[in-house]
Structures are given as structure tokens and as C-alpha cells.
Ligand code: PFF
């Protein structure tokens, strides 16, 4: 539940549908499904297996499976880059999650008749962005201080079922509104002329890596908390299936909602004819739609932004856990202190981005998700398939999955992480530099 909570986040409910919308609808969906199962799932398994074997933070874990002084240095580099990357991801994620919290409070302010406050909550500004980012970081730090069982696991298992419930209710409601079917068509009817577009491939891979929280050590550290009795290939498949499933289902909410907004007179296309994506979609198109729904719109908005806030929180705690686990295990810090200090550091970077939004926000997002994450995924594959001893890998998998060496997973996965994944990641990665 916790690992699914990490995977399911803004990337699923926001990133996936808008990526699909701007990349030919179902053409993106197909490519995404292919890449998620063929590339991201094997990479997820690599992280879970290393983590459960080592029972430690990413740097110590990679060092533990290293075979000589050179690979030990490489381990520090890969683990360290992961910790840095996840801290940067959290620094922009907390800003966007802060917007979700502000938009969640907006309907409450309206119901209470505080129109001026509602206006402030929904207007872009440094004070609003800064304060809500800090509020969101405080929540994240609070859960992480409570530890793995009482913090992460307890909250993930409370919040995830709530998230799925709200998502399904919203879909049912939106699909009854005029215009929704056009949105469903735009989402599910493929425009295959897009499939050869290199941008589509790069976007789909970036999306798959981001969505499964890969490369940065999150899944490794969560793997280290999984019991040896657990069947890892099954656990990993459930996490991947739930994550992919929720992304696909979220598309059935966001795209129909956009077309409902269109039917209600809201502009959903950019001047160049493409669908509005990115921040404008969630903070302007959807609120306009909710606003046009009359009183019921207040409750729909409340449910929607609660959904977004919950999805963000179960992901942000998994991000903060990576540097905190490192500080606790490696530097010997107390957990509460580590959560406060690391959290404050990330909030500091976040504040810098808030104050210099235009140059910094896109730069940090692109570097972390399109450059660093796929590269780290590549390094993880190298570690597990080329550096770690094959019999040790098998021994780890068969814990909790006796007989795994004669199963399908062991027949396909090792070859996959050894050749197919690194090569494919590299090809797609180089593409992104080409264009
Ligand atoms: N998987 C999360 C999402 O889809 O929103 C984002 C994420 C979480 C990325 C944790 C990286 C990470 F370590």
C-alpha cells in the first residue's frame, strides 16, 4: 500500500492524462502501457530486490552489492545522485501540492462567505505559493517523523482507499455531464500518426519512470522495509498494475472533464490548437468547470482537490524518506531531527524556486525527471545485472517466492535488466538530446 501510495501521485492524476492529451490520446496510452510493463516494471523490480536484500538506504545498499573499490565509488555516485534528485523532485512537488491544498480550501472559504480569502487562495502569488508549500512540507515532515509503521504505512493505508473511492465517484459524476463523451473519445481513439513522434516516446518514458517513482532510491528504501516472507515479483506487479491502472482511470476523469468544460464555454485549447496541459489545466480549466456547475461544483471541487492532496502526500512522504533514511542510517541522526533538518533543507530549495519561478521551475522539473531519473534507472539496471552476483539475486528473489527459479519471472527478467532495459533507456534518452 505504501509503495503504491508513492507511485500514485500527481503524476497519475495530472501528468498522465495531460501527456496523453497532448500526444495523440490512445497512441500515447499504448506506448505508455508498453514502456511501463517492458521497461519500468523490470526497473522497479531491480530497486525492490536490491533494497530488500540490503535492508539499508540507497548508498549503503549499492555499496553492499558492489564488488570492488571502483564499483563502491560508483555506488556512492549513483546513491548520492538519487538522494539529490529526489530532494529536487520534492522541492517542486511540494509547490504544486501546495496549490492543491489552496484550491481545496477555496470551496470551504466560499461556503463560509469569505470571498476575498477565496480569491487570494486561487490567485497565483509568491506569498500563497510559499505559505502553502511550507504547510505541505510540514505535513510531510510530521508523517515521516512518526516512522515507517506509525507514519508511512498507517497513512498510506488510510489515504489510498479514500483516493480510489473519490476518483471513482468523480468519474461517475463527470461522465453524466454533457460533452463528457467527446472527451472520452479524444482519450481513447488513437491518433497513430503520432506514434513515430520521438517526443511521444520520450514523454512516455519520462512519465513511466516518474509515475513508478524510479531511479531515486524510493522504491529501494521501501523494498528494504518489505518482509522476507513477501513474494517480491507479485508485490512489484501489484504496485505497477495499481499505478498504471489509476493513471489510465484518471484519464477517464480529466479528459471528459475538459470537454465538459468546453461544452460549458471554457477555452480548453491553446492558440496552436493543442489541449491546455500543465499547471493551467488544473488551476484554471478545472476550477472554471467547477465554478460553472453551481452549488454542486463546490463539493466536486472539494472532492477533487482533496483527491489531489492525498495523492501528493502519499508520494511526498516516500520522497522525504530517502534522504531521511540516509541521514538516520549513515550519519546516525535521530529520526525526528533528520526529518526536520532534511525537510527544512528541501523547503529552502522550494522557496528559492517559488521566488524565481520562471527560470527555475521548468529547469528543475526537466533536469530531475527527464535527465536524472532515466539515467539513474539505467545505472540501477547495470548494478543489478552486471555488478551484483547472479546467484545472490536469485537467492533474494526466492525468499518468499520458493520455486521462483523455474518461474516465468526468472526466465525473462534477468535478460531484460541486463540488455533490453539499459539499451532501451539509453536509446530513448539519446533521442531526448537530439531534438
Ligand atoms: N510517482 C509519483 C507520482 O506519480 O506523482 C512521483 C514520485 C514519487 C517521483 C516519489 C519520485 C519519487 F521518488
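The values are calculated or read from the model by the stated rules, or taken from the named source; none is laboratory data. The structure presented is a predicted model; accordingly, all values stated were derived computationally and were not measured. Ideal geometry is used to build each Cβ from the backbone, glycine not excepted, and the neighbour counts take in all protein chains shown.
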Selected residue [part of a helix (DSSP H, G or I), away from the ligand (no atom under 16 Å from the Cβ) and under 19 Å from residue 136 (Cβ atoms)] from 313, 351: 351
Hits in the stretch 390-432 (condition: more than 15 Å from residue 38 (Cα to Cα) and under 26 Å from the mean Cα position of the chain (by Cα)): 397, 429, 430, 431, 432
So residue 35, is it surrounded by fewer than 24 Cβ atoms within 10 Å (Cβ to Cβ) and either away from the ligand (no atom under 11 Å from the Cβ) or closer than 28 Å to residue 183 by Cα (or both): yes
Meets criteria (farther than 15 Å from residue 2 by Cβ and touching a helix residue (DSSP H, G or I) at 6+ places or on another chain (Cβ under 8 Å)) for residue 211: yes
Neighbours by Cβ (under 6 Å, 6+ apart or cross-chain): first from the stretch 300-320, without any contact (Cβ under 8 Å) to a residue 40 or more places away in the chain; second not in a helix (DSSP H, G or I): none
Residues located in the stretch 261-278, provided they are closer than 19 Å to residue 14 by Cβ and either surrounded by 15 or more Cβ atoms within 10 Å (Cβ to Cβ) or in contact with a helix residue (DSSP H, G or I) (Cβ under 6 Å, 6 or more places away or on another chain) (or both): 261, 262, 266, 268, 274, 275, 276, 277
Filtered residues of the stretch 41-73 (kept if free of Cβ contacts under 8 Å to residues at least 40 places away in the same chain and assigned to a helix (DSSP H, G or I)): 63, 64, 69, 70, 72, 73
All positions within the stretch 180-226 that are over 25 Å from residue 428 (Cβ atoms) and assigned to a loop (DSSP other than H, G, I, E, B): 189, 225, 226
Residue match in the stretch 316-330 (condition: more than 15 Å from residue 147 (Cα to Cα) and surrounded by fewer than 24 Cβ atoms within 10 Å (Cβ to Cβ)): yes
Test result for residue 115, surrounded by 15 or more Cβ atoms within 10 Å (Cβ to Cβ) and either free of Cβ contacts under 8 Å to residues at least 12 places away in the same chain or closer than 30 Å to residue 245 by Cα (or both): no
Cβ pairs under 7 Å, 6+ apart, first in the stretch 262-286 and within 17 Å of residue 106 (Cβ to Cβ), second part of a loop (DSSP other than H, G, I, E, B) and modelled with pLDDT of 80 or more: 285/266; 285/268; 285/276
